[in-house]
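One structure below.
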Protein chains: 2
Amino acid sequence: MTKFAIGIDLGGTYTKLALVDTKGKVSNRTKLSTAAYRTRAGLIAAIVAEVNAVLAKARLSPRKILGVGIGVPGIVDFRRGRVYNLTNVPGWENTPLKGMLEAKLDLPVLVDNDVNLMALGECRFGAGRGAKNLVCITLGTGVGGGIIIDGALYRGSAFSAGEVGHMPLKERGLPCGCGSYGCLERYVGNRYIVDELKGKILRGSPTIIKKLVNNDLSAMTPEIISKAALKGDRLSIDFWNTVGERIGVTLAGIVNLLNPERIIIGGGVADAGEPLFKSIRRTVGERALPVPGKAVKILKAKLGNDAGIIGAAALFFYPETRGRCK
Amino acid sequence: MTKFAIGIDLGGTYTKLALVDTKGKVSNRTKLSTAAYRTRAGLIAAIVAEVNAVLAKARLSPRKILGVGIGVPGIVDFRRGRVYNLTNVPGWENTPLKGMLEAKLDLPVLVDNDVNLMALGECRFGAGRGAKNLVCITLGTGVGGGIIIDGALYRGSAFSAGEVGHMPLKERGLPCGCGSYGCLERYVGNRYIVDELKGKILRGSPTIIKKLVNNDLSAMTPEIISKAALKGDRLSIDFWNTVGERIGVTLAGIVNLLNPERIIIGGGVADAGEPLFKSIRRTVGERALPVPGKAVKILKAKLGNDAGIIGAAALFFYPETRGRCK
């Protein structure tokens, strides 16, 4: 009998839901506009209604539903299912989300950090399949990470493990939003890299990007820099090279510390593809010790926008080893 | 019935042995001069003779001896008990040490990396007691580390995890012996820090160190720099401050990545004590994220030179969870 879980990915813009079977197949996708709900209670009520709608539409016997997993952008006490705070979603401080959802749904609920669940999804059904020790990173506005150790999600002693974006790239360096300085995120985060390249263009570096955005540099995005690089634009190629070196230096440290089998990289910026990955792999090859450097494969995430939903559902697929990926 | 294991710490200079009971009490200490044995076979024969001598002297029934644990300075396949190579001990490439010792001793043998075993010893009987997630680092000529995750030694996918000394402190930086550059070890390793301070003194920085070494700067050691700092020598205090900042930057990265409960620091350089630890703690406080920064305690190792012996024996104290510390 095929079993299912509901996976939910609560994000700053959209909250995505779907039914996921134990083979990782996603169906009955639906989404809500997170920002349209002004209060926490309103969003939770909408999520409950949406879960019930998906279950009704799928016409599945309740016995086939293992539970509802939900990933949120913030620190979560996984054991208690309590959200400490959310990034970019106000009013969620100290929310007992597991209890609140279980009170309204007749199903078990598990809550975890969204990047942890992306790591779990990739580990079980994506680029991490078959690996026991791996690190997943997401490159976007923020730079986050999730860690799988001995086949299980490693959450750390206060549920905050995996903050790859705030590992220092520079001994000193530019101030970061976190209060520290020199953090990796400050040098490879979406907005920062766009601003940095904009500066170079304004100072006169020749590039086809100006044409691609009709001279409106405020329309520049990582996608456009990638497009330009694919068309052979020197400035864009060099730029991805630099961004890849920065990521590679931090990853070399992680490779030497954790000796993972794989590092999986997802998020919008990862769509830069080969110009970025080549530079990351070369830098890790140069900076990591020979044994762990040879042992690691650096791969692009495979599940795309579904990773969070699939990972959230996957929390229920191995209950005897909750959160384990094999 | 109190049970025992033999713990062995094979080092470049000495090979130390002792009997350790399941409460961590060490007795019947003995040591060999590693370098006095020209061949691998000679050293192994001497270790076997010494183990037998310790057992004979202690007059223990064989039933009370759980096994022989041995830590070596190099990469070890723990499962097979095979040594890939040793640092500063030539001729040990690809040695099936577990099998060779078991063939001559009528006891089970386990072989692991020495810093892993120091971490296990500190976790079970030293500064890590009661903690589930911790990182141990040793500050000496080399800078090494051992990682305990969920109460068990984490060895990585190719048994090389924990190389804290080769995490990049600098995005760029000075060449390191490992082939990379900018590594933490290159900026806080024993020899490098002595040379760096020597340079400052030769360039005229005033200090009482010159008096402490009778103007023979080649006699300068970390111990002497510590002595000078304790006497209020400005140059030495500032120097430990700088070294602590460098260590603190790398540790802040580890704190953000792994969210450990404790970081335990041992090795000769750690004897610099408070001037060094204060600077490390302040830097981690400034550079780590608030949640993991508050969750971590940074402590001096407690077991001193016995940590390796105790950790090696401890491999036998929790056979159901081999290598676990609680």
Identify, from the list B:Ile193, B:Ile201, the residue that is over 22 Å from the mean Cα position of the chain (by Cα), among the β-branched types (Val, Ile, Thr) and modelled with pLDDT of 95 or more.
B:Ile201
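For segment A:45-68, name all the residues that are of a type in the set (D, E, K, R) and over 23 Å from A:Met118 (Cα atoms).
Kept after step one, since they are of a type in the set (D, E, K, R), are these residues of segment A:45-68: A:50, A:57, A:59, A:63-64.
The answer is A:Lys57, A:Arg59, A:Arg63, A:Lys64.
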Looking at segment A:305-326, can you tell me whether even one residue there is surrounded by 16 or more Cβ atoms within 10 Å (Cβ to Cβ), within 11 Å of another protein chain (Cβ to nearest Cβ) and in a helix (DSSP H, G or I)?
no
If A:Val111 satisfies every condition in (1) free of Cβ contacts under 8 Å to residues at least 40 places away in the same chain; (2) in contact with a Lys or Arg (Cβ under 6 Å, 6 or more places away or on another chain); (3) closer than 25 Å to A:Ser157 by Cα; (4) not hydroxyl-bearing (Ser, Thr, Tyr) but one, which is the exception?
(1)
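Residue by residue, here is whether (1) within 30 Å of B:Gly285 (Cα to Cα); (2) under 14 Å from the mean Cα position of the chain (by Cα) holds:
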position	(1), (2)
A:Gly121	no, yes
A:Gly126	no, yes
A:Gly140	yes, yes
A:Gly156	yes, no
A:Cys183	yes, no
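Here is a yes/no grid of residues against (1) among the small types (Gly, Ala, Ser); (2) free of Cβ contacts under 8 Å to residues at least 60 places away in the same chain; (3) within 16 Å of A:Leu101 (Cβ to Cβ):
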position	(1), (2), (3)
A:Gly24	yes, no, no
A:Ser27	yes, yes, no
A:Ala46	yes, yes, yes
A:Val54	no, yes, yes
A:Lys57	no, yes, no
Residue check for A:Val68: among the β-branched types (Val, Ile, Thr) and either closer than 26 Å to A:Lys3 by Cα or within 13 Å of chain B (Cβ to nearest Cβ) (or both)
yes
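Within segment A:94-105, is there a residue that is within 14 Å of chain B (Cβ to nearest Cβ) and farther than 19 Å from A:Gly11 by Cα?
Initial filter on segment A:94-105 (within 14 Å of chain B (Cβ to nearest Cβ)): A:94.
Pick out the ones that are also farther than 19 Å from A:Gly11 by Cα and you get none.
Taking every residue of segment A:94-105 in turn, none turns out to be within 14 Å of chain B (Cβ to nearest Cβ) and farther than 19 Å from A:Gly11 by Cα.
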Scan segment B:253-268 and tell me whether some residue there is in contact (Cβ under 8 Å) with a residue 60 or more places away in the chain, in the same structural domain as B:Glu196 (by TED's automatic domain parsing) and of a type in the set (D, E, K, R).
yes
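Within the group A:Lys294, A:Lys302, which residue is out of contact with any Pro (no Cβ under 6 Å at 6 or more places or on another chain), within 16 Å of A:Gly145 (Cα to Cα) and surrounded by fewer than 17 Cβ atoms within 10 Å (Cβ to Cβ)?
Numbers: A:Lys294 fails: within 16 Å of A:Gly145 (Cα to Cα).
Going through A:Lys294, A:Lys302 in turn, just one is out of contact with any Pro (no Cβ under 6 Å at 6 or more places or on another chain), within 16 Å of A:Gly145 (Cα to Cα) and surrounded by fewer than 17 Cβ atoms within 10 Å (Cβ to Cβ): A:Lys302.
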Index of the failed condition, B:Asp271 passing every other in (1) of a type outside the set (Gly, Ala, Ser); (2) farther than 28 Å from B:Tyr14 by Cβ; (3) without any contact (Cβ under 8 Å) to a residue 60 or more places away in the chain
(2)
For segment A:166-179, does any single residue satisfy the condition of being more than 11 Å from chain B (Cβ to nearest Cβ), touching a residue at least 24 places away in the same chain (Cβ under 8 Å), surrounded by 24 or more Cβ atoms within 10 Å (Cβ to Cβ) and of a type in the set (A, V, I, L, M)?
no
Within segment A:257-290, track down each residue that is among the β-branched types (Val, Ile, Thr) and either farther than 28 Å from B:Pro260 by Cα or surrounded by fewer than 19 Cβ atoms within 10 Å (Cβ to Cβ) (or both).
A:Val269
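Here's the yes/no breakdown for (1) outside the structural domain of A:Val83 (by TED's automatic domain parsing); (2) surrounded by 13 or more Cβ atoms within 10 Å (Cβ to Cβ); (3) β-branched (Val, Ile, Thr):
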| residue | (1), (2), (3) |
| --- | --- |
| A:Thr22 | no, yes, yes |
| A:Ser27 | no, no, no |
| A:Ser33 | no, no, no |
| A:Arg38 | no, no, no |
| A:Ala41 | no, no, no |
| A:Ala46 | no, yes, no |
| A:Glu50 | no, yes, no |
| A:Ser61 | no, no, no |
Can you work out which of the residues in segment A:233-291 that are more than 8 Å from chain B (Cβ to nearest Cβ) and not in a helix (DSSP H, G or I) is modelled with the lowest pLDDT?
A:Gly273
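Quick one: which residue in A:Gly42, A:Gly71, A:Gly11 is small (Gly, Ala, Ser) and farther than 15 Å from A:Leu117 by Cα? Show your work before the answer.
Details: A:Gly71 fails: farther than 15 Å from A:Leu117 by Cα; A:Gly11 fails: farther than 15 Å from A:Leu117 by Cα.
Within the list A:Gly42, A:Gly71, A:Gly11, the selection yields A:Gly42.
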Consider B:Ile149 against the criteria (1) farther than 17 Å from A:Val135 by Cα; (2) facing another protein chain (nearest Cβ under 7 Å); (3) touching a residue at least 12 places away in the same chain (Cβ under 8 Å): it satisfies all of them except one. Which criterion is unmet?
(1)
Tell me, which strands (runs of 3 or more DSSP E) lie completely within segment B:17-77 with 2 or more residues that are modelled with pLDDT of 95 or more and more than 28 Å from B:Phe159 (Cβ to Cβ)?
B:26-33
Do we find that B:Leu212 is of a type outside the set (S, T, N, Q), more than 14 Å from chain A (Cβ to nearest Cβ) and over 23 Å from the mean Cα position of the chain (by Cα) in this structure?
yes
Could you check segment A:125-223 for strands (runs of 3 or more DSSP E) lying wholly inside it with 3 or more residues that are aliphatic (A, V, I, L, M) and closer than 19 Å to A:Gly308 by Cα?
A:134-139, A:143-149
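Filter segment A:195-206 for residues that are surrounded by fewer than 18 Cβ atoms within 10 Å (Cβ to Cβ) and of a type outside the set (D, E, K, R) and give the result. Outline the logic, then answer.
The first filter runs over segment A:195-206 and keeps only residues surrounded by fewer than 18 Cβ atoms within 10 Å (Cβ to Cβ), leaving A:195-196, A:198-206.
Across segment A:195-206, the qualifying residues are A:Gly199, A:Ile201, A:Leu202, A:Gly204, A:Ser205, A:Pro206.
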For B:Asp112, only one of the following conditions fails: (1) part of a strand (DSSP E or B); (2) more than 8 Å from chain A (Cβ to nearest Cβ); (3) touching a Ser or Thr at 6+ places or on another chain (Cβ under 8 Å). What is its number?
(3)
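The values are calculated or read from the model by the stated rules, or taken from the named source; none is laboratory data. Note that the coordinates shown come from a computational prediction; the quantities given were computed from them, not determined experimentally. Note that each Cβ is placed from the backbone with ideal geometry, even for glycine, and that neighbours are counted across all protein chains shown.
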